[in-house]
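Notes to accompany the following structure.
The values are calculated or read from the model by the stated rules, or taken from the named source; none is laboratory data. Nothing here was measured: the structure is a model prediction, and the numbers come from that model. Cβ coordinates were reconstructed from backbone atoms using ideal geometry, including for glycine residues, and neighbour counts include every protein chain displayed.
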Amino acid sequence: MRTLYIGQHSLAAKGASVIRDADHRSVYLLIGKWGRRQDALSLYQISGDLLAELKQTTLGLRPQFDIYFHNQKVGTLSRHVGFLNEMIYVSSLRWLVVGNFNSGNYRIYHGTSLIMESHPAGDQRLLSVTRQEDEPVCICVAATLDHWAHRRNLVKTLFPNRWRLAPGGGTADFKGLRAHFVWDRISDRIKH
């Protein structure tokens, strides 16, 4: 199992991100952007060889990304609306991603075999991958999950009053969240 290191929010950022090994040697370079259909992230070996790509195929509430490894599509990753964001299935690869994506603590399994673990460590993210040949695809999955977590946190920061779960700051289920969000929008229109 090899551990890779990357800046905590570098995977979600636009531009270039360097991924290093335990000896702080540069191993991979992740380049690309998000936000539009057909946008892509490309993962290169430090020598310049293209290893994997992550292409955004749909937008909206359920964005979908295709993962390519050596120019062949190997899987599809999509977000499920209404799910608690604790489990995602990567089709074709039959990988199951389980954990807390917002904090960056999650694991990827194929059946009962561990493929990868992700943990934050200060300003770094640790990706421990069981097999070195799975690293490019694992980095693509991690980049997608970081992108979703970063976008969710950005929306909460920009619109803090829209994300109250219940009156008085309590908690509520997902239906309660949706009801309060709709009620806030209606009450804002009534006031104006």
Listed by first then second residue, the pairs whose first member lies in segment 99-110 and is within 12 Å of His147 (Cα to Cα), whose partner is part of a loop (DSSP other than H, G, I, E, B), with beta carbons under 8 Å and at least 6 positions apart or on separate chains, are Phe101/Asn85; Phe101/Glu86; Asn102/Asn85; Gly104/Gln8
Scanning segment 92-107 for residues that are crowded, with 21+ Cβ neighbours inside 10 Å and farther than 22 Å from Gly7 by Cβ gives Trp95
Within segment 43-74, the residues that are modelled with pLDDT under 90, in contact with a strand residue (DSSP E or B) (Cβ under 8 Å, 6 or more places away or on another chain), more than 13 Å from Gly32 (Cβ to Cβ) and surrounded by 12 or more Cβ atoms within 10 Å (Cβ to Cβ) are Thr57, Thr58, Pro63, Gln64
Condition check for His110: touching a Leu at 6+ places or on another chain (Cβ under 8 Å), farther than 17 Å from Ser17 by Cβ and surrounded by fewer than 12 Cβ atoms within 10 Å (Cβ to Cβ):
no
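For segment 7-40, what are the residues that are at pLDDT 90 or above and surrounded by 16 or more Cβ atoms within 10 Å (Cβ to Cβ)?
We begin by selecting, within segment 7-40, every residue at pLDDT 90 or above; these are 18-31.
Scanning segment 7-40 gives Ile19, Arg20, Val27, Tyr28, Leu29, Leu30.
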